[in-house]
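Derivation of every value follows stated rules applied to the coordinates shown; laboratory data play no part. Everything numeric in this text was worked out from a predicted model, so none of it was measured. Quick reminder, even Gly has a Cβ in these numbers, built from the backbone with ideal geometry, and neighbours come from all protein chains shown.
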Amino acid sequence: MEVLTNKLKKMKKLSDKGFKKLVQKNIDKVDFIKTILYDDSAISGFIVKFSDEFLMIEETYDFSLSGIKIVPYDRVKSIRHNKVDEISKKIYLEENLIKFNHKIIDKTSLNDFESLFKSIKKQDLHCIVESRKNKKEKFSIGEILEVNDKSVTIQNYSATGKIYKKPDVISFKNIELINFNDNYSKTFRKYLK
């Protein structure tokens, strides 16, 4: 375990420029990767875009593309690309499963939270925001109602499709992950009450 921890620390100690060079290499080669976050959770998929603030990952699940996940850069502990990931990439390629929606990728701004949410809203996409405040985790899903320089307002709905009367106002400083263009939110929005 100590060897793994030291290896991860060494990777994150790469200069910012070195880390970004590694990310760009993964994008250019369409590498299947596993992004490990500081809470030790992980996201598997393909990095499709990045900025000084965020990584944009086309997340995968059971050999399908399952939506776009935006990860604040400061949550990233390391990025893994090894032989296991090479096999996964080979399967995705041979099964012709790598079909990114470049229109959505290109139209999504990664400059800052405000421009990110405004660009998602402009594309009329619902999103899922995972946040944490006072050690309490919060899951919000729905339409983006309002965006300002400090927060986003989501018209949240329940697992039964009921739209809550009071929308969720989420401070950018509490956001951990953002999902959109995923099967769950694209399908569920059709059945809202």
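Taking the helices alone, the chain has a mean residue ellipticity at 222 nm of -8500 deg cm²/dmol, built from -39,500 (n - 2.57) per DSSP H run of at least 4 residues and averaged over all its residues. As a calculated quantity, the FRET efficiency between L93 and A159 at R0 = 35 Å, using C-beta atoms, amounts to about 0.50.
Kirkwood hydrodynamic radius of segment 37-193, from the reciprocal of the average inverse Cα-Cα distance over all distinct pairs: 16.4 Å. Between 0 and 90 degrees, rounded to the nearest ten: what's the tilt of helix 83-94 against the longest Cα principal axis of the chain? With both axes taken from Cα atoms, the answer is about 60 degrees.
Once the Cα atoms are used to define both axes, helix 16-28 deviates from the longest principal axis of the chain by about 90 degrees. If you take the Cα centroid of segment 166-193 and the Cα centroid of segment 100-146, the two points sit 7 Å apart. Among F54, F100, sorting on how many other beta-carbon atoms sit within 10 Å of each Cβ, with the fewest leading, yields F100, F54.
Comparing K83, K49, K20 in a Gaussian network model of the chain where C-alpha atoms under 10 Å apart are linked, the largest mean-square fluctuation is found at K83. Against the main long axis of the alpha-carbon atoms of the chain, helix 113-122 sits at an angle near 60°.
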